[in-house]
1. Restricting to DSSP H runs of at least four residues, report the calculated mean residue ellipticity at 222 nm for the chain, -39500 (n - 2.57) per run over all residues, nearest 500 deg cm²/dmol.
2. On the accessible surface of the chain, probed at 1.4 Å, how many percent belong to carbon and sulfur atoms?
3. How large is log10 I(q)/I(0) at q = 0.10, 0.16 Å⁻¹ when the Debye formula is applied to the Cα atoms of segment 2-216, each weighted equally and without solvent?
4. Hey, in the GNM for the chain with a 10 angstrom Cα cutoff, which one of Asp171, Asp66, Asp201 fluctuates hardest?
5. Scan the chain and note any complete DSSP helix (H) whose C-alpha atoms cover at least 20 Å along its axis and whose Kyte-Doolittle average is 0.5 or more.
6. With +1 on each Lys and Arg Cβ and -1 on each Asp and Glu Cβ, how big is the dipole of the chain about its Cα centre, in debye rounded to the nearest 20?
7. Express the accessible area of segment 2-216 per residue in Å², computed with a 1.4 Å probe while the remaining protein chains stay in the model.
8. Set the Förster radius R0 to 41 Å, insert the Cβ-Cβ distance between Ala18 and Asp69 as r into 1/(1 + (r/R0)^6), and round the FRET efficiency to 0.05.
Amino acid sequence: MAPSILSADFTRLGEAVAFAETAGADVVHVDVMDGHFVPNLTIGPPVVRALKRTTTLPLDVHLMIDNADDTVDWYLKAGADMVSVHVEACRDLPAVLRTIRAAGAKAGVALNPATPVSAIAEGIADVDFVLVMSVVPGFGGQSFMPVALEKISQVADLLRACGSSAEIEVDGGIDETTAPLVCAAGARLLVAGNAIFGRPDPAAALEAIRAAGASALGR
Ligand code: DX5
Ligand code: ZN
């Protein structure tokens, strides 16, 4: 599970990360938005650096920014453990992915609901994970787009065909209802914001989403 702190209280981010640790999250999902690639502006390297000081959980930094080629380094230096860049927003995808790996972080490519899976083929040799968006990025709390299920299966097929062991992460509208669907399709790392931080008992919500996903895998 990858709780997205986008839906947490921004005046208490340290507490949100501490909660993620206690609740048994696998990573903390950090949404970086630039106001250009997506119509929202969130957090940048100083906040990633501050979060890094407060947790031992890996920071999963999702860059929704144009020309990540030029600034990916900032996030690597700030302590990101996983970095995903959007295929729609990179000039040289394989080069960016190699930069991420060279810094010792896991490299991910993200793709929007409208982007065909074929678009990520050129980066596939350099990815550790593929982030399939199940909403149009920009805001938390949106509804899951079922088109993502077919996308996840196609990505799984592509990875298999390439002999890649990269994992599939899914992001947007994940809750107890959609978690089993995306896991059955091939996703293994689930991002959830609103369905965790928007609930009265976030720890119980995280566990319920995890259990729902695991049930689809017979675990
Ligand atoms: C959306 C972000 C997501 C967002 C998910 O652009 O990339 O990570 O926080 O939020 P929920 O789970 O509320 O859809
Ligand atoms: Zn995200």
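The values are calculated or read from the model by the stated rules, or taken from the named source; none is laboratory data. Quick caveat: nothing in here was measured; it's all calculated off a predicted structure. Heads up, the Cβs are rebuilt from the backbone with ideal geometry, glycines too, and the neighbour counts pull from every protein chain shown. To get the accessible areas, we keep the full protein, side chains included, count just its heavy atoms, and leave off ligands, DNA and RNA. Shrake-Rupley method; radii C 1.70, N 1.55, O 1.52, S 1.80 Å.
1. Working: 8 runs with 81 residues, N = 219.
-11000 deg cm²/dmol, from helical runs alone.
2. Of the solvent-accessible surface of the chain, carbon and sulfur hold 53 percent.
3. Taking Cα atoms of segment 2-216 as identical point scatterers yields -0.37, -1.03.
4. Sorting by GNM fluctuation, first place goes to Asp201.
5. Working: long enough: 147-161 (21 Å, 0.67); 202-216 (22 Å, 0.79).
Within the chain the helices that satisfy the rule are 147-161, 202-216.
6. Working: 15 positive and 26 negative charges, 69 e Å.
Approximately 340 debye in magnitude.
7. Details: 8740 Å² over 215 residues.
Spelled out: the 1.4 Å probe surface of segment 2-216, per residue, equals 41 Å².
8. Working: r = 34 Å, r/R0 = 0.82.
Calculated transfer efficiency: 0.75.
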